[in-house]
Amino acid sequence: MIENTFGMNIIPENDSERLIVLKRYRIMDTPSEASFDNIAKLCTKIFNTPISLVSLVDADRVFFKANVGMGKAVEANRGKSLCALAVLNPEITVFEDALKEPCLIANPNVVGNFGLRFYAGAPLITHDGFLIGTLCIIDQKPREFTALEKEILAGMATSVMDQIELRISALEEIENHQSTNLLLSEQKEELVTSNEHLFESGLRFRNLIKESPTAIAILKGPELIIDNANDAILKIWAKDQSVIGQPLSMVLPTLQGQPIMDFLKDVYISGKPVYGNEAKLTMLHGEEKKDIYVNFTYQSIGAAGETRELMIVANEVTEQVNARKAVEEINQRLEIALDASKLGSTEVDLATGIMQSTAQFKANYGYGKDETFNYPDLFNAMLPEYRDRVKGLVQEAIAKDSIYKAEYPVKWRDGSIHWISAHGRPRYDEHGKVNRMVGMTADVTESKLFEQRKDDFLSIASHELKTPVTSLKASLQLLDRIKEKPTSPIHVKLIEQANRSMEKMSVLVDDLLNVNRMAEGQLKLIKTTFTVADMLKLCCNHVRFENKYQLIIEGDQDLQIYADENRIDQVVVNFINNAVKYAPDSKDIYLNIERVGNYVKVSVKDTGPGIESHILPNLFDRYYRVSYESENYTGLGLGLYICSEIIKRHGGDIGVESEVGIGSTFWFTIPINET
Ligand code: ADP
């Protein structure tokens, strides 16, 4: 007796035939079997629900062939079980929130203690199209059920149905076997046929594949006629359902001559599956040819040895392949960019010492790109005292399979010295034996020189400061001893000596302070308008007083500039002091003022020893000093650097022209119009 709680008709029109078919399977009221239990368990795992049932819908009850999560229940009333609804619909039946379903408001499972909220049931459809039961999952809380989950549940229901079909075939076989051995072979064949039917009764299968996101098609006969093609594969082909029944080669003429056609024919003949990864296909989308990439399987379906159908299963991976290609291209560009920059790379064959190097690598050692440059040449170029150390580092890296890093100077064949920063690592052959080294080098001469100058500077600075401090100390000690006799003539001398030392020291300390201020960007300009010639006339009185040098002012006496007068004065004093210091025999020092465009140019010219041309570009660098092996000039190599910073801050330019044996002209320019 059915207690219909659904408020609607739950008996399908073909119910009496359906019940006959259900009987045919002889499964009602049979004990549980592992194959069905396993599928139900799997469902609870996959969908994370507490309950899963394999249920078969009888005239007035629903029998649970498998029951996970519903205790000992083996059946339910057809009028109460939601599975009765699921067999009304060949598609999957889903209630995401049972409380919102009008047909369930009176259902005791929903409103009663059990508290059912979620139900999804996929019908078990026989090969001849009857809905005999469901594979369902149940939860006590509402949830969403995605299209993909529906597809999976439907697929699992197909397996349950396969199992039911196989089960009955096997049962029949056993019975027949028992009745007569003679019939055995015939029965076996029947079993095979029924299995084939199982596959061929494509309806269920096709329903399942239609909406799969995986592209699936079935091709029939040696002409590869399209028997079935799901939406995903039609999308790849840019075709619609009208292609069904046509040979593949006609539908996709662009495939002629592409390897895919040969693969398909091979599978058809041999029956062996073919797999492909990121295979490229050229498709015609409208007028436009488009390259796409697919991962695919071509598989034969049907009895062994006789292929009647081919199944294509494919996933389009064009986007992934294109994305990867884009990344590869970026990497390639990056490598090129790296090559083009200062880094040179090489690979050394350790057995032969032959090196495969980039042009930049060879250039770092002073070799042209077409010149031979091998491992021995590299160590030859290295300054001798560095060779053993670098070799040691390389050996250590080989022993530890690690990266070595080294910095060393090399002597080019033209005699010039360059600093190389190198790193590299060993490479091993297939037996794990080291056979190569790969390495990268960069020319770091500039930064190395700067560092060296800084180091030199520190030692010079301490030395320079020490000399006047020592002499000042000596003078003060002596003064201390004779302080009781203030009239002593030595008194005056010592005071003069102490003053000179003080003077030297304060110049050095000023320079240091100035540099610090520059580095911290604290140089503030206090600008006024003044006449350049007036400033020149007043500056360097200490030089004029000595009466040894003549400062000759030439050029435009009226030119005015808007600038920081003290700072500009400092620059001129520096130029003149340098002339006195480095060109002591140049008695005449010429100060020239001229207008060049919108700038005033001031130059200080001596007729001293001059400066070698290769030194000129470095003169205004921080810490730069020309080393004088014999003479002893005090200085920190900061003066011209400070000058250039002051001029740059004024928007002007600074420079020098010099010729050895003739003399030097240091100059700067300052814009006139700035007020
Ligand atoms: P320093 O404090 O050592 O004098 P500078 O920056 O003022 O440093 O000068 C840098 C170098 O420029 C000096 O070491 C010197 O070799 C060179 N130099 C500067 N002026 C002259 C000049 N008039 N004649 C020759 N050499 C000069």
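A few points about this structure:
- Separation in nanometres of the label points that stand 7 Å from Cα toward Cβ, at Thr352 and Lys210: 6.7
- Neighbour cut-off at most 10 other Cβ (10 Å), DSSP loop, trypsin sites (Lys or Arg not before Pro), region 495-559: Lys524, Lys548
- Rounded to the nearest 20 debye, dipole of region 17-63 from Cβ charges on Lys, Arg, Asp, Glu: 120
- Computed from the C-beta positions of Gln320 and Cys103 and an R0 of 51 Å, the FRET efficiency is 0.70 to the nearest 0.05.
- Rounded to the nearest 20 debye, dipole of region 546-624 from Cβ charges on Lys, Arg, Asp, Glu: 180
- Mean separation of Cα contacts under 8 Å, 6 or more apart, over the residue count of region 449-519: relative contact order %: 36
- Residues in region 359-383 reached by a label modelled at Val438 [backbone nitrogen below 19 Å; 7 Å Cα→Cβ]: 359-362, 375
- Net charge contributed by nearby residues that have their C-beta within less than 11 Å of Asp585 (K/R +1, D/E -1): 0
- Label reach from His614 (point 7 Å along Cα→C-beta): in region 443-457, amide nitrogens under 18 Å belong to 444-450, 453.
- Separation in nanometres of the label points that stand 7 Å from Cα toward Cβ, at Val469 and Lys537: 4.3
- Cross-link reach is defined here as a Cα-Cα straight distance under 16 Å, omitting same-chain residues fewer than 8 places apart; for Lys524 the lysines meeting it are Lys648.
- Distance between region 347-401 and region 531-596 - C-alpha centres, whole angstrom: 54
- Region 9-59 and region 258-319: distance between their alpha carbon centers, rounded to Å: 37
- Note on Lys524 and Ile403: with the Förster distance fixed at 60 Å, the Cβ-Cβ geometry gives a FRET efficiency of about 0.80.
- Rh (Kirkwood; distinct C-alpha pairs) - region 339-443, Å: 13.8
- Global form of region 203-322, assessed from the alpha-carbon gyration tensor, a/c cut-off 1.5: rounded
- Farthest toward the positive end of the dipole of the chain, out of Val604, Leu616, Met156, is the Cα of Val604, where the dipole comes from beta carbon charges about the Cα centre.
- Expressed as a fraction of 2.2 N^0.38 Å, the C-alpha radius of gyration for the chain is 1.85.
- Cα shape, region 449-519, gyration tensor, a/c 1.5 rule: prolate
- FRET efficiency estimate (nearest 0.05) - Cβ-Cβ, Lys587 to Glu484, R0 41 angstrom: 0.35
- Here the label points at Ala59 and Glu287, each 7 Å from Cα along the C-beta direction, are separated by 6.9 nm in the simple model.
- Solvent exposure of the chain amounts to 55 Å² per residue of accessible area, where only protein heavy atoms count and the probe is 1.4 Å.
- Translational diffusion of region 15-170, µm² s⁻¹ [Kirkwood Rh, Cα pairs; Stokes-Einstein; 25 °C; 0.890 mPa s]: 160
- Lysine pairs with alpha-carbon atoms under 22 Å apart, region 341-414, spacing 8 or more or separate chains: 11
- Full-stretch length increase - Glu496, Asp653 - with 0.36 nm per residue and alpha-carbon distance subtracted: 52.6 nm
- Backbone N atoms of region 17-61 closer than 16 Å to the 7 Å Cα→Cβ label point of Glu172 belong to residues 20-27.
- Region 22-68: trypsin sites (Lys or Arg not before Pro) in DSSP coil with no more than 15 other Cβ atoms inside 10 Å: Arg26
- D (Stokes-Einstein, µm²/s), Kirkwood Cα radius, region 407-454, 0.890 mPa s at 25 °C: 193
- The apolar share of the surface of the chain, taken as the fraction of accessible area on carbon and sulfur atoms (1.4 Å probe, ligands and nucleic acids excluded), comes to 53 percent.
- Potential lengthening of the chain between Leu383 and Asp370 amounts to 2.3 nm, from the contour at 0.36 nm per residue minus the alpha-carbon distance.
- Subtracting the Cα-Cα distance of Glu430 and Gln477 from their residue separation scaled by 0.36 nm leaves 9.1 nm.
- Computed magnitude of the charge dipole of the chain (debye, nearest 20; Cβ of K, R +1, Cβ of D, E -1): 2320
- Reachable lysines from Lys239, criterion Cα separation under 23 angstrom, eight or more residues apart if same chain: Lys210, Lys220, Lys265, Lys280, Lys289, Lys290
- Taking the chain and dividing mean pair separation by its residue count, relative contact order in percent (alpha carbons under 8 Å, at least six apart): 6
- Anisotropy class of region 47-111 from Cα gyration tensor, a/c 1.5 cut: rounded
- GluC sites (Glu not before Pro) restricted to DSSP loop in region 445-494 with at most 10 other C-beta within 10 Å: Glu484
The values are calculated or read from the model by the stated rules, or taken from the named source; none is laboratory data. In this text the structure is predicted, and so the values were computed from the model without any measurement. Positions of Cβ are generated from backbone atoms using ideal geometry, with glycine treated the same way; all protein chains shown enter the neighbour counts. Please note that ligands, DNA and RNA were not included when accessible areas were found on the heavy atoms of the full protein model with its side chains. Shrake-Rupley method; radii C 1.70, N 1.55, O 1.52, S 1.80 Å.
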